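Remarks on the structure that follows.
Throughout, read-outs are computed from the coordinates displayed, never taken from laboratory work. This structure is a prediction, so every number in the text was calculated from the model and none was measured. Virtual Cβ from ideal backbone geometry, glycine too; neighbours counted across all protein chains shown.
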Amino acid sequence: MTAPTPSSTAGPETGVEPHPAAAALLSDLRRQLRPESSVLANEPLARRTTMRVGGCADVLVEPCDETDLATTLVAASAAGIPRRVLGRGSNLLVRDHGLRGLVISLNHPFFARIERFGDCLLRAGAGARLKELANEARRNALAGLEFLAGIPGSVGGALRMNAGAWNAMTFERLETIRLMTPDGLVRECPANEVPATYRRCELFVDHLALGAVFRGDPSTREAVEARLNELNQKRWASQPAAPSAGCIFKNPAAIPAGRLVDELGLKGLRLGGASISTVHGNFIVNDGQATAADILGLIEQVRAKARETRGIELETEVEIIGE
Ligand code: EPU
């Protein structure tokens, strides 16, 4: 366990106070968790998100297994401190003054395991990268999971968001889901008992995804590889490579958000270090200097124009957190 000195978005110099229970939670967790778990104070979140903006979390914990995760959840709820789970941070926009409370990251290798069992099943932990899962499916000649390869997230994030691409969604490929209840109990349930819709799974608003069993279709390595290459090419031809949080808005029923932004003539619009991608209208990219305020400002400009000129209310797909 490490004990850095606080120097963060929270503190007198920024006028932002940490959560009143943060210091007590920090010392509780440092006492209770095993040395393999990390307990960090004032941890910068910008480098833990693909958008690369945002302030610090008062407390960030990387538990080394499910026992320490459960201990963390119980301690946070006893302290009355809000908590968030961070996956690969690819669908997240953290505001510039950071996050008051606890952030839990499932980055420890314990949560990143992927193993095959049965004829065509792959069990993956919440911290496993979707790209790794797609590659493991290729190594095992299992088709149907190729769409996951280009989504820059983790299995946990994909479960929470019912992530999708190329007309396929995570939940269509699940057999079972492993989760932790808010009071730290582990459950495993059939995926078809868990309702999920376009980019949303209500259960994971308060429960934590621990992993899932994915179903592939028997195929050949060559066929899976060909499909992976095809989707990879499509992705790089239509989506920007610069730091982003993927698509910013959910697609409204009337028109894909990217096409709408394009038709509104907003591609290339810049605010500070952020701009609307010239490649795809539903991406905001960071040129390296952007702040969360720049990105939020652009989001509001797009929403206002869509509302005024087309009567369309755009809803963000990225999760916006912090102060
Ligand atoms: N389009 C434009 N101009 C643009 C962008 C798109 O005219 O600047 C048009 C395209 O030509 C196409 C339509 O809009 O006719 C839809 O675009 P695209 O095929 O790129 O798909 P999308 O709906 O914008 C969705 C997901 C992506 C996923 C792709 C590929 C959402 C919000 N986005 O994008 O997911 O990668 O399909 O399957 O559902 C994400 O969730 O973060 C994400 C990137």
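So here's what we get for this one:
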| quantity | calculated |
| --- | --- |
| FRET efficiency, Ser27 to Trp166 (Cβ-Cβ, R0 41 Å, nearest 0.05) | 0.30 |
| Net charge contributed by nearby residues that have their C-beta within less than 15 Å of Arg100 (K/R +1, D/E -1) | -2 |
| Helix-only CD estimate at 222 nm, as mean residue ellipticity for the chain, using -39500 (n - 2.57) per DSSP H run (n ≥ 4) | -8500 deg cm²/dmol |
| Square roots of 5 times each gyration tensor eigenvalue, C-alpha, the chain, largest first, Å | 31, 29, 16 |
| Three-way shape call for segment 11-127 based on the alpha-carbon gyration tensor, with the a/c threshold at 1.5 | oblate |
| Net +/- balance of residues flanking Gly118 in space, Cβ distance below 10 Å, scoring K and R +1, D and E -1 | +1 |
| Relative contact order %, the chain, counting alpha carbon pairs below 8 Å whose residues are six or more apart | 16 percent |
| Per-selection Rg to Rh, segment 85-150 - Cα, Kirkwood hydrodynamic radius | 1.10 |
| Estimated FRET transfer efficiency (Asp65, Arg139; beta-carbon r; R0 35 Å; 0.05) | 0.85 |
| Label point distance in nm, Ala226-Ala78, each placed 7 Å from Cα along Cα→Cβ | 5.9 nm |
| Nonlocal amide H pairs with Val85, under 5 Å, H built at 1.01 Å | Ile104 |
| GluC sites (Glu not before Pro) restricted to segment 275-315 and DSSP loop, no more than 15 other C-beta within 10 Å | Glu313, Glu315 |
| Those chymotrypsin sites (Phe, Trp or Tyr not before Pro) in segment 167-245 that DSSP places in a loop and that have at most 15 other beta carbons within 10 Å | Tyr198 |
| Cα gyration tensor shape for segment 62-108, rounded if a/c is under 1.5, else prolate or oblate | oblate |
| Normalised contact order of segment 11-139, rounded percent, pairs of Cα under 8 Å and 6 or more residues apart | 23 percent |
| For Ile320, distant residues with modelled amide H under 5 Å away | Leu93 |
| Sorted by Cβ neighbour density within 10 Å, fewest at the top, the residues Ser38, Ser238 | Ser238, Ser38 |
| Theoretical gain in end-to-end length, Arg200 to Ala293 [0.36 nm per residue, Cα-Cα removed] | 30.9 nm |
